[in-house]
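Take a look at the structure set out below.
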Amino acid sequence: MNAFDVIIVGAGHAGTHCALALRKAKFEGSIAVVSEESDLPYQRPPLSKEYLAAERSFDEMRFHPQDAWQEREITLIRGQKVQSVDAGAHRIGLENGDSLSYGKLVWAAGGDARRLGCEGAALAGIHVVRKKTDVDAIKSELADAQRVVVVGGGYIGLETAAVLRKAGKHVTVVEALDRLLARVAGHALSAFMADEHRAQGVELVLGGVVESFVGENGRVNAVKLADGCEIAADLVIVGIGIAPSVAPLREAGAKGDNGVDVDALCRTSLADVYAIGDCARRANPFASGDAVRVESVQNAVEQAGIVACDITGAAIPATAVPWFWSVQYDLRIQMAGLSNGHDDVIVRGDTTSRSFSIAYLKGQRLIGLDCINATKDFVQGRMLVGGELIADRSGLADPAIALKDLVSKV
């Protein structure tokens, strides 16, 4: 078969859940999921945590075994990258030369890990963390590596650093900005995480710009910074974010910047073409209505559901509060809302207790929370973020007072 009622490009959380949501909604048309990876669809969050630490097997990461996809009559086309989209003809071209026609196209290709283009970037021993094969390559080299340099102080970099430090490796994190998590968190969380990683034995180089990688016999052995400093490295992991995988859509005429722009129903500017997940840029009420890309499992699953509802004619659910999580050492970090644009920050509790929350306010509204080993705050905060609420600022710093008791309707 080379014609499907719905073709979904990408087998991560967004693409997989869209296919499953269509079947759950009793969609009877043909569905194909096209993935450039050869493995069965799997969850990505464990890659930088349990899978890297060898605490979780790949079978435990799979969404479903092979027969479950067959039972749902969902065709998996694996190991093929989409090279082109002909929106007028409703066809896509695969790298093997095959072409497939569609009634509806759902683009859920996510993004590719960004890499550094500096001198020495092609040396062996330099890795990223995005796919199972990436982490498999890292694991295959760990036994012979004692000194690891992680480039990037975001969540992927820090999760990876935590796993490797627990494994006994000498880990150095190099972050180009002046604090960790600078793009996604406030100063209080940045400072706490810096203290935590240093206490665990990780060396931090803040404001460190990588100039080049130094190698010998084709393999990296040092990272050279712009200030001339060289950091010895047996292994390098680059965790500096992703570049949205949208080239075929953009070449086909889809509008967008920093991904592909979609409307409230995740429809692109191309007829019968949707985009969801990490690559989709959509107006978000929790970002003051600004169009943003949200890289999270919650966002991927929500947008997958929206598209399934639109295709089947079901009611569209309201946009949920964005939420995220990270695990580093014994810290469970849970975030609710989008803190961009906050004008006040209140820390709930004592950071030295390793159980506290950080509340972000804008005007008189609670717009975001970072909860560290504080699940109760996270659960209550998700219900309160973005509501028409006035926070009792005097009591907000006291973790003994429940969050739900600190707000009142306007």
Requested in this report: Filter the stretch 15-30 down to the residues that are surrounded by 24 or more Cβ atoms within 10 Å (Cβ to Cβ) and touching a strand residue (DSSP E or B) at 6+ places or on another chain (Cβ under 8 Å), then identify the one that is farthest from ALA109 (Cα to Cα).
Outcome: LEU22
**Report entry** Filter result for VAL85 (closer than 28 Å to ILE156 by Cα and assigned to a strand (DSSP E or B))
**Finding:** no
Report summary line: Restricting the stretch 150-171 to residues that are farther than 18 Å from ARG44 by Cβ and of a type in the set (D, E, K, R), the one least open to solvent (accessible area, probe 1.4 Å) turns out to be LYS169
Query raised in the report: For the stretch 211-283, which strands (runs of 3 or more DSSP E) that fit wholly inside it have 2 or more residues that are touching an Asp or Glu at 6+ places or on another chain (Cβ under 9 Å), farther than 20 Å from ALA113 by Cβ and among the aliphatic types (A, V, I, L, M)?
Result: 219-225
Report task. Looking for whichever is assigned to a loop (DSSP other than H, G, I, E, B), buried (at least 16 other Cβ atoms within 10 Å of the Cβ) and among the charged types (D, E, K, R) here; the options are ARG183, ARG179. Which one fits? Result -> ARG179
Requested in this report: Scan the stretch 342-392 for residues that are under 16 Å from ASP405 (Cα atoms), charged (D, E, K, R) and buried (at least 16 other Cβ atoms within 10 Å of the Cβ) and jot them down.
Outcome: ARG348, ARG365, ASP377, ARG382
**Report entry** Meets criteria (in a helix (DSSP H, G or I) and either over 21 Å from ALA137 (Cα atoms) or out of contact with any Asp or Glu (no Cβ under 6 Å at 6 or more places or on another chain) (or both)) for GLY157
**Finding:** yes
Report task. Check off (1) crowded, with 18+ Cβ neighbours inside 10 Å; (2) in contact with a strand residue (DSSP E or B) (Cβ under 6 Å, 6 or more places away or on another chain); (3) not aliphatic (A, V, I, L, M) for PRO322 and give me the number that stays unchecked. Result -> (2)
Query raised in the report: Out of (1) open to solvent by 10 Å² or more (accessible area, probe 1.4 Å); (2) at negative phi; (3) touching a strand residue (DSSP E or B) at 6+ places or on another chain (Cβ under 8 Å), what's the single condition that is false for VAL174?
Result: (1)
Query raised in the report: GLU60 versus (1) surrounded by fewer than 14 Cβ atoms within 10 Å (Cβ to Cβ); (2) over 20 Å from the mean Cα position of the chain (by Cα); (3) closer than 30 Å to LEU331 by Cα: which is the lone unmet condition?
Result: (2)
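The values are calculated or read from the model by the stated rules, or taken from the named source; none is laboratory data. Here the structure is a predicted model, which is why all the values come from computation and not from measurement. Don't worry about glycine lacking a Cβ; one is built from the backbone with ideal geometry, like all the others, and counts go over all protein chains shown. Note: accessible area is taken over every heavy atom of the protein model, side chains too, but ligands, DNA and RNA are not part of it. Shrake-Rupley method; radii C 1.70, N 1.55, O 1.52, S 1.80 Å.
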